[in-house]
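Step one of this worksheet: look at the structure below.
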Amino acid sequence: RALELNPNSVDSMLGIAAILEASRELGEAESLLRRAIDLQPGNWRSIDALGALYHYSGRYEEAARAYRQVVLLDPKNWMGHGNLGSSLLMMGDFENAAHALNVSLSIQRDAYFLSSLGTIHYYLGDYERAAKIHRDAADLLPAVNFVWLNLGDSLRFTSTPEEAAIAYEEAVSTSVDLLETNPNNAFDLYVRSWAEASLGNVGTAEQLVAQALELAPGDPNAHYYSALLKLVQGDKSAALESLRVAVDRGYPVKMLASDPLIIELRGLEEFGKLVEEN
């Protein structure tokens with residue numbers, strides 16, 4: 001109604017775009033955000049919203065370009081730097097991702113971006129450092145499910161792997177709370193799925209990841225976690241196929257190449273081809 005009264009209301013466009021994105025009407029959301037940017041090219045909030053849509057859709061290079069515009073317009077924008085770092089991380093550009101995240105954290109200490117920094121150390125093989133950073137993030141914001149999931153994954157490869165179960169249990173608990181509010185959130189579904197699988201609850205994990213894939217078939221992370229679940233079940237061929245789909249949807253090959261959770265696939269010829277071809 002507000003947009004009907006004022007067809008050039010950028011605030012109204014941002015609100016409607018957020019609703020469209022939540023409804024998975026991503027094309028319409030993108031068109032509306034581009035219209036908002038055309039109306040106010042100096043408004044970083046519209047560009048930030050477009051970057052978030054790209055990131056959510058697995059279009060990480062486009063997301064990074066949008067976030068670079070955000071920090072160009074507002075150099076002290078800690079969220080812009082952090083979002084840029086998170087997108088660069090998903091592109092496998094660990095060095096520049098770490099720089100952007102550290103800039104963000106120097107302005108504002110944030111649990112989400114701390115966890116992203118921990119993830120970089122995880123993929124670089126520094127699991128003790130990664131676990132410490134993820135634990136700091138969990139202390140800052142204990143209600144965030146993926147922070148606990150990242151902590152659990154890191155702890156698996158530290159000198160205290162038995163502590164991973166505690167983190168996975170927290171990931172399940174926080175996911176359950178979030179899914180009570182929105183049972184159709186694909187992200188929370190696949191986060192809980194991997195946490196359940198890591199605790200040995202494979203049947204529950206299967207149901208959850210199937211729901212996530214039905215809700216968000218274009219989400220590369222949903223296919224990645226589906227691959228992990230298939231690997232837990234001993235089906236390497238099916239796991240490789242899910243990884244191929246994940247890569248096709250935008251999952252970074254550089255992250256797969258250094259992912260300790262799929263180390264048993266690295267010696268396979270098919271996995272080598274997947275990495276080389278992408």
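So the values come out like this:
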| item | result |
| --- | --- |
| Difference of contour (0.36 nm per residue) and Cα-Cα distance, Q233 to E61 | 58.6 nm |
| Exposure ranking of E269, E128, E276 by accessible area [1.4 Å probe, largest first] | E276, E269, E128 |
| Rounded percent of accessible protein surface that carbon and sulfur make up, region 35-116, 1.4 Å probe | 51 |
| Cut-off 12 Å, label 7 Å out along Cα→Cβ of S106, residues of region 48-76 by amide N | 76 |
| With all protein chains modelled, accessible area of S258 [1.4 Å, Å²] | 30 |
| Region 128-166-region 9-52 distance, computed between alpha-carbon centres (Å) | 34 |
| FRET E, pair Q40, E162, Förster distance 51 Å, beta-carbon r, rounded to 0.05 | 0.45 |
| Within the chain, helix-based [θ] at 222 nm, where runs of 4 or more DSSP H residues each add -39,500 (n - 2.57), nearest 500 | -23500 deg cm²/dmol |
| FRET E, pair D139, T181, Förster distance 30 Å, beta-carbon r, rounded to 0.05 | 0.80 |
| Gain in span if fully extended, E128 to V202, counting 0.36 nm per residue against the direct Cα distance | 23.9 nm |
| Relative contact order, percent, the chain [alpha-carbon distance under 8 Å, six or more residues apart] | 10 |
| Accessible area (Å², 1.4 Å probe, nearest 10) - T204 | 50 |
| Sum of side-chain charges, I47 neighbourhood, beta-carbon under 14 Å (Lys, Arg +1; Asp, Glu -1) | 0 |
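The values are calculated or read from the model by the stated rules, or taken from the named source; none is laboratory data. Bear in mind that the values here come from a model prediction, so they are computed numbers and not experimental data. Cβ atoms come from the backbone with ideal geometry, glycine included; neighbour counts cover every protein chain shown. Ligands, DNA and RNA are stripped out before the accessible areas are found, and what is left, the full protein with its side chains, is counted by its heavy atoms. Shrake-Rupley method; radii C 1.70, N 1.55, O 1.52, S 1.80 Å.
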